[in-house]
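S.K.: My questions will all concern the structure given below.
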Amino acid sequence: MKPDSIELAIELNEMNSSRRGFFRAVSRGVTQSIEEPQAVINASRPLGAVEEELFNRLCNQCGDCVTACPQGVLSMQANGPIMDLSLNHCNFCTECIAVCPTQALNMLNTTDTGWRPTFSQSCNARLFGNCQECVDDCPKQALTLLDNDTPTLHDNCNGCGECLASCYIGAITLVEKR
């Protein structure tokens with residue numbers, strides 16, 4: 001018999017011999033199958049937003065998060081608050097979460113906005129090799145630059161949007177993280 005088969009035989013024997021053995025064997029299987037939940041990032045919403053369907057049910061559209069944001073990256077739309085990083089960046093201060101009365105924004109996901117930069121072919125670093133504003137301004141050092149190429153994005157990017165704000169020619173756009 002293989003080692004896996006021996007363990008299975010012991011579990012089956014325990015299940016057949018008593019009710020306690022049955023529950024012990026079942027609980028082992030449940031314990032081994034538990035996975036860590038992945039935080040859902042709701043990119044179009046403020047930092048810490050829960051999954052979209054739940055967000056729509058919880059958010060009362062009071063606007064407290066919009067008022068509390070020191071960076072001015074939140075605005076109220078017909079369907080509730082959204083994050084717009086086109087003119088400024090998110091500094092992860094969590095003020096929006098602190099003032100949310102309904103838990104539509106919560107501290108479970110405060111490390112990523114869900115946005116990622118993409119770089120157009122009109123990037124000065126690629127065309128002329130004379131710009132590295134986005135690389136210098138990235139607070140996570142998530143960008144590297146090779147000569148005459150667009151910046152390369154690394155996994156430690158948190159989607160703050162600082163690179164977008166620093167690009168003076170508009171060669172950076174933000175897309176939802178995949």
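S.K.: Of all residues in the range 55-79, how many are crowded, with 16+ Cβ neighbours inside 10 Å and touching a helix residue (DSSP H, G or I) at 6+ places or on another chain (Cβ under 7 Å)?
M.R.: Within the range 55-79, residues that are crowded, with 16+ Cβ neighbours inside 10 Å and touching a helix residue (DSSP H, G or I) at 6+ places or on another chain (Cβ under 7 Å) number 5.
S.K.: For the range 73-97, what are the residues that are assigned to a loop (DSSP other than H, G, I, E, B), in contact (Cβ under 8 Å) with a residue 12 or more places away in the chain and farther than 18 Å from residue 163 by Cβ?
M.R.: 79, 93, 94
S.K.: Can you tell me which residue is nearest to the chain's Cα centre (by Cα) among those in the range 105-163 that are in a strand (DSSP E or B) and closer than 17 Å to residue 174 by Cβ? Before the answer, list the steps.
M.R.: Residues of the range 105-163 in a strand (DSSP E or B): 105, 115-119, 143-144, 152-153.
Among the residues that remain, those that are also closer than 17 Å to residue 174 by Cβ are: 115-119, 143, 152-153.
On the way: 115: 8, 116: 10, 117: 14, 118: 17, 119: 20, 143: 18, 152: 19, 153: 15 Å.
Looking at residues that are in a strand (DSSP E or B) and closer than 17 Å to residue 174 by Cβ, I get 115.
Quick note: the coordinates plus some simple rules give every number you see, no bench work behind them. Computed from a prediction, not measured in an experiment: that's the story for all the values here. Positions of Cβ are generated from backbone atoms using ideal geometry, with glycine treated the same way; all protein chains shown enter the neighbour counts.
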